[in-house]
1. Identify all residues within region C:98-109 that are facing chain A (nearest Cβ under 7 Å), closer than 15 Å to A:Phe45 by Cβ and not charged (D, E, K, R); write none if there are none.
2. Given the criterion aliphatic (A, V, I, L, M), at pLDDT 95 or above and out of contact with any Cys (no Cβ under 9 Å at 6 or more places or on another chain), identify the matching residue among C:Leu219, C:Leu160.
3. Could you go through region C:174-181 and let me know if any residue there is touching a helix residue (DSSP H, G or I) at 6+ places or on another chain (Cβ under 7 Å) and either at pLDDT 90 or above or within 14 Å of A:Ala185 (Cβ to Cβ) (or both).
4. So, in region B:185-222, exactly how many residues are facing chain C (nearest Cβ under 10 Å), in a loop (DSSP other than H, G, I, E, B) and not polar (S, T, N, Q)?
5. Just name the residue that is surrounded by the most Cβ atoms within 10 Å (Cβ to Cβ) out of those in region B:42-60 that are of a type in the set (Val, Ile, Thr) and outside any loop (DSSP other than H, G, I, E, B).
6. How many of the residues making up region B:114-140 are under 18 Å from B:Gly155 (Cα atoms) and of a type outside the set (Ser, Thr, Tyr)?
7. Could you tell me how many of the residues in region B:234-255 are buried (at least 24 other Cβ atoms within 10 Å of the Cβ) and of a type in the set (A, V, I, L, M)?
8. Quick one: B:Ile150 ticks every box in (1) closer than 21 Å to B:Asp60 by Cα; (2) surrounded by fewer than 23 Cβ atoms within 10 Å (Cβ to Cβ); (3) within 14 Å of chain A (Cβ to nearest Cβ) bar one, so which box is it?
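The values are calculated or read from the model by the stated rules, or taken from the named source; none is laboratory data. This is a predicted model, so every value here is computed, not measured. Backbone-built Cβ (ideal geometry, glycine too); neighbour counts: all protein chains shown.
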Amino acid sequence: MFRPVTGPTLWLYILGALAASGVIFFVLQAIPSRLRKPLVALITFVAGLYYATEFFWPVGADGANFLTPWIDPLAQMTQVLQAFALGLGVYSLASVHLRAVARQRSGWGFSVVLFAGLFAIALTGFLREYRPNRFNENVFNFFFVGGLQSLDATMFSIIAFYIVSAAYRAFRVRSIEATILLTSAFVVMLGQVALGQALTNNIPNQQFAANFRVENIANWILTRVNSPALLAVDFGLGIGGLATALRLWLSLERGSYFDKEL
Amino acid sequence: MGFLVRLQDIDRRVLYLLLAVAVSFPFLFPAPVPDPAILPQTQSFFRTVEAVSADPVRRDKLVILSCNFSSSTSAESLTQTETVMRHLMKNKLKFAIFSFNDPQGRELGQLIANRLQDEYGYQYGRDYVNWGFRPPAAAVNTVKAMVRNIPEAIGTDANGTRLVEIPVMRNIRGANDLAAIIEITGSNSLPVWLQYLQRTGAGAEPIPTLYCPTAVMAPEAFPLLKSGQLQGMLTGLKGAIEYEALLNVRGFATRASASLSYSHFLILALIVLGNLGTFAARAQARRGGAR
Amino acid sequence: MFDFLTNPGAMRTANVWFAALCTLGLYSILYRENRFFRFFEHLFIGLATGYAVYTTWNDTLRPRWWDPMVAEGRWWWAFALPAGLLFYLIYSRKYSWMSRLIFAVFFGFAAGQAFQGFAAYYFPLVRSAINVPLVPAAGAAAAPGAYALTPMAGVLNNLLFLFIVISVMTYFFFSFEQKGPVAGVARMGRYLLMFAFGAIFGSTVMARMSLLIGRTDFLINDWIRQTVFRLPG
């Protein structure tokens, strides 16, 4: 049944598949409300069971077990379905700004600019792929290199100004904790830049004296104090993550999304 | 005393102006800055690439150059990409650009490759390939499939050509055919490689994994260096400065070293001034109370 | 009329001027909120979204779905369209429960993969946290790095490492009330976390400064020097 077909028959098959999907859709909609949650739980469990079993099941000499061959088609299926899901964000953004334009809300002109940018780069991108020539490449680059790349880089660089202001106002010696934070940040900042390192360049980087060079002190803080502290936090995160995964897999997770009646 | 007290409340626009001056001054009036100290994690990054190049078996395998960043961190990530790609090209290693966290990564990686390829005699398809972008939520399933079958898991390159038809992908099948993984990122995308690919090869040794995070993310990666899950790390722009020094290249990173120093000194000075202002205000309040 | 669009030099100039305009437009927010900033802010969102649409089609949907289905005749990929559209039912009041079916598949996948993820990521970390020699290692004195210059330095650092891991974990242990020496260890854990956060803040400053330096280099070197005054790079 699952054999490639060509010519006009292909479109018949495709339409047939879509029609079959439509039928499945109405069958699903006919499922009584009380059975919907168990169905969702069953799908979650089976989906999780595949990857869990594939990992735990012993493998043969070729490093594979009976479930391994399905990994490739599943990867392709996931890529396709998740590519469709990326449209969720676009849909959400477009609906907000389309409404703004339709109702001519204050600043609706900016929404028009947003759509102009969206269509400009998407269309020139498609043109570049389907009609590759220097003209299309250059027009695409105008929007990507001139526009997107510079806007993205600038938007996030603005934070530099805010962080200076924040560091200046927040880093005050007020408590033991604040003083430790300040000292650690101060040394790390000093040890990370060439001019800061130059302050102790006269100290030999050998034997016991090397311990007094600022870059070594900064790296010591990062590797010997910061590292185990974050490792301990990471252990907590790991165990919490595994517990959450188990709860999701067994549909034990609670919250507004999971508790809602279907 | 009044002047000192006022130091604790400098207007934000004055701070912004000071920062703009501190950052742009070295570009307008270049002054030499001492060479940076090269940290152990940068050295081990360099040594790992050299070791891969020196290994007769490994050097014919493929390096994954995972460009999981957008232009937002380009000053760090793009500079890291350029220095690392230079090293790969200098050592004639084959590599694949790939991104699964941000679509811009595949474009930005290609822009750097376009800029460098003539200098090192590299040719698309023969010496390197761009696998393109795959959706973030499909990353784990894709990487798990790559363990045994990269051409099937990825399918086509960014131009729509099937990987099996691309010369550089000849003899590249799965995890055993990977020389190293280099993750250049502005987000938390490293674990996917460590969890689902690094230890899946036939040998006892994990695939060498090198990490180029933004400086914000670097502190969290130090435990992974200690545990041997990472063989080296470049910390943001500073890592790129050190790497340029190791490669003996004077690029943007080296040019930026002075600005990085001046801006840090400005912040340190402002922190000191702010605290002086606070002390002065406290002293003034105490004196006022005593009176 | 559009000849300049095929001229690399002219296009580079146009790109740099456009990029400079975008950069200055966004920086205008530093003075105060204004329409110029909002214009470029919206342009940014539009371009980023449009680029994501283009790459999603070009890199994934076309080669992984459309071409296999239409060019190679694998008609069963047609089922992916309604399956993918299930995500969008989240916006429908009547059919939103069906979006759970497709979300359930991916929740399940993620949960099932978590075991391998946990083992591969955390086992080496746990091993490295436990495997810290507390007796001087032979040859440690010759090891590179400032903190391993003497055999005892390595031992002291390892003791410190263990102490920090334990005290920070104690700080986050809320299963019973922390009293006596445990409270002291937990307090120490809090102080040590401050050390780590300070280091993170120091690194954050460097990251943010780097981004600003990137834009400053563009404005001064690429735009003013090389494009406006045509000075050599």
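1. Across region C:98-109, the qualifying residues are C:Leu101, C:Ala104, C:Val105, C:Phe107, C:Gly108, C:Phe109.
2. Just a single option satisfies the conditions, and that option is C:Leu219.
3. Within region C:174-181, none of the residues are touching a helix residue (DSSP H, G or I) at 6+ places or on another chain (Cβ under 7 Å) and either at pLDDT 90 or above or within 14 Å of A:Ala185 (Cβ to Cβ) (or both).
4. Number of matching residues: 7.
5. For region B:42-60, the residue satisfying everything is B:Val49.
6. Qualifying residue count for the region: 14.
7. Counting residues in region B:234-255 that are buried (at least 24 other Cβ atoms within 10 Å of the Cβ) and of a type in the set (A, V, I, L, M) gives 5.
8. (2)
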